[in-house]
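The values are calculated or read from the model by the stated rules, or taken from the named source; none is laboratory data. Predicted, not measured: the structure shown is a model, and the values here were computed from it. Glycine also receives a Cβ, built like all others from the backbone with ideal geometry; neighbour counts cover every protein chain displayed. With ligands, DNA and RNA removed, areas are computed over all heavy atoms of the protein, side chains included. Shrake-Rupley method; radii C 1.70, N 1.55, O 1.52, S 1.80 Å.
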Amino acid sequence: MKSFGIAALCLAWCSGSAWSAPLIARFETVLGDFEVVLDSASAPRSVENFIRYANRGAFDSTIIHRSTTYNPANIQIVQGGGFGLVGNTIAPVSTDPPIPLEATLPNRRGTIALARTAAADSATSQWFFNVTDNPGLDFNYAVFGRVLGGGQSVVDAMGAAPVYDVTAQLGFPELPLLHPSLNAASLLLVTSVRVENFAITNITRSGSTAELRWMPLSTNTPVKVQRTANFDGTWTTLVSNLTTGVFVDTNASAAAGFYRVVTE
């Protein structure tokens, strides 16, 4: 996972190119928060599609409406993005036109993919997390990212929730619930999803002190800060296990150099 969460920026007095900033989807849920790094190189349209929904708030107050983790002989996924909680009512998410299938990556544990119907080019808002390796889904669904750091523990907790057949009440045959009672408090709620570039956003220097700021991540995705004098040289770790989004280097070199932030 480590190589997928890198953000780097040249110090203000340096010349040269900064590293490109990965796209990070930040999930806030009733079971905990976590991050997913999106793979624009392998599934560009799928990533664009997901960002469009996420950043207009379409996934806010939505539910995990399907879990197949209690069927270990088959696929094991948790699925969301299709239905939202509006007051005490569950309503479908408003969808854009479907997009073409980009099935280029395997459905490994911890990856996220777009859900679809039996038609190949039918994916819209719904997505699922692979709780286990699901080779039976390989190259039939568009995998477009994967969970970072310890965030998989949240996905596993979703998969561990008991499943109920509430077809008669709500139309969901495999609905995971936190409690047997069918009410808002028992739903696996995704409160928010937003996508941002993970990058160092600001560096300020005063004497031998340099302050770095970046998009803070959840406690499930700690980071380390590294420094090098040569962009192609050895990186020295200055601090680890940070989730604050800020670090002060009190021994900043007077010479030109580079910093980067890497997920643990």
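Structure notes:
- Of the residues examined, residue 206 is not one that is open to solvent by less than 50 Å² (accessible area, probe 1.4 Å) and without any contact (Cβ under 8 Å) to a residue 40 or more places away in the chain.
- Just one of the listed residues (178, 187) is among the hydrophobic types (A, V, I, L, M, F, W, C), at pLDDT 95 or above and open to solvent by 60 Å² or more (accessible area, probe 1.4 Å), namely 178.
- Filter result for residue 199 (closer than 18 Å to residue 21 by Cβ and among the small types (Gly, Ala, Ser)): yes
- Among (1) among the small types (Gly, Ala, Ser); (2) touching a helix residue (DSSP H, G or I) at 6+ places or on another chain (Cβ under 7 Å); (3) open to solvent by 30 Å² or more (accessible area, probe 1.4 Å) - the single one residue 120 does not satisfy: (2)
- Qualifying residue in segment 183-202 (condition: within 26 Å of the chain's Cα centre (by Cα) and over 30 Å from residue 153 (Cβ atoms)): yes
- When residues of segment 190-203 are limited to those that are among the polar types (S, T, N, Q) and out of contact with any Leu (no Cβ under 9 Å at 6 or more places or on another chain), the one most open to solvent (accessible area, probe 1.4 Å): 191
- Residues that are of a type outside the set (Asp, Glu) and crowded, with 22+ Cβ neighbours inside 10 Å occur in segment 101-109; there is at least one.
- Residues of segment 88-100 satisfying the condition of being hydroxyl-bearing (Ser, Thr, Tyr) and either under 18 Å from residue 130 (Cα atoms) or open to solvent by less than 50 Å² (accessible area, probe 1.4 Å) (or both): none
- Candidate set from segment 125-172 (those that are among the hydroxyl-bearing types (Ser, Thr, Tyr) and either under 15 Å from residue 66 (Cβ atoms) or without any contact (Cβ under 8 Å) to a residue 24 or more places away in the chain (or both)); member that is least open to solvent (accessible area, probe 1.4 Å): 125
Conditions (1) over 16 Å from the mean Cα position of the chain (by Cα); (2) under 20 Å from residue 215 (Cα atoms); (3) buried (at least 24 other Cβ atoms within 10 Å of the Cβ); (4) without any contact (Cβ under 8 Å) to a residue 40 or more places away in the chain, marked per residue:
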| site | (1), (2), (3), (4) |
| --- | --- |
| 38 | no, yes, yes, no |
| 46 | no, no, yes, no |
| 51 | no, yes, no, no |
| 54 | no, yes, no, no |
| 58 | no, no, no, no |
| 61 | yes, no, no, no |
| 66 | yes, no, no, no |
| 75 | yes, no, no, no |
| 78 | no, no, yes, no |
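- Among residues of segment 215-264 being open to solvent by 50 Å² or more (accessible area, probe 1.4 Å) and part of a strand (DSSP E or B), the one that is nearest to residue 30 (Cα to Cα) is 241.
- Pair list, Cβ < 9 Å and 6+ apart or interchain, from segment 80-102 residues that are under 16 Å from residue 47 (Cβ atoms) to residues that are surrounded by 11 or more Cβ atoms within 10 Å (Cβ to Cβ) and aromatic (Phe, Trp, Tyr): 81/50; 81/53; 81/59; 81/127; 81/128; 96/53; 101/141; 102/144
- The residues of segment 166-200 that are among the β-branched types (Val, Ile, Thr) and outside any strand (DSSP E or B) amount to a single one, 167.
- One residue stands out among those in segment 1-36 that are out of contact with any helix residue (DSSP H, G or I) (no Cβ under 8 Å at 6 or more places or on another chain) and modelled with pLDDT of 50 or more: the one that is least open to solvent (accessible area, probe 1.4 Å), which is 24.
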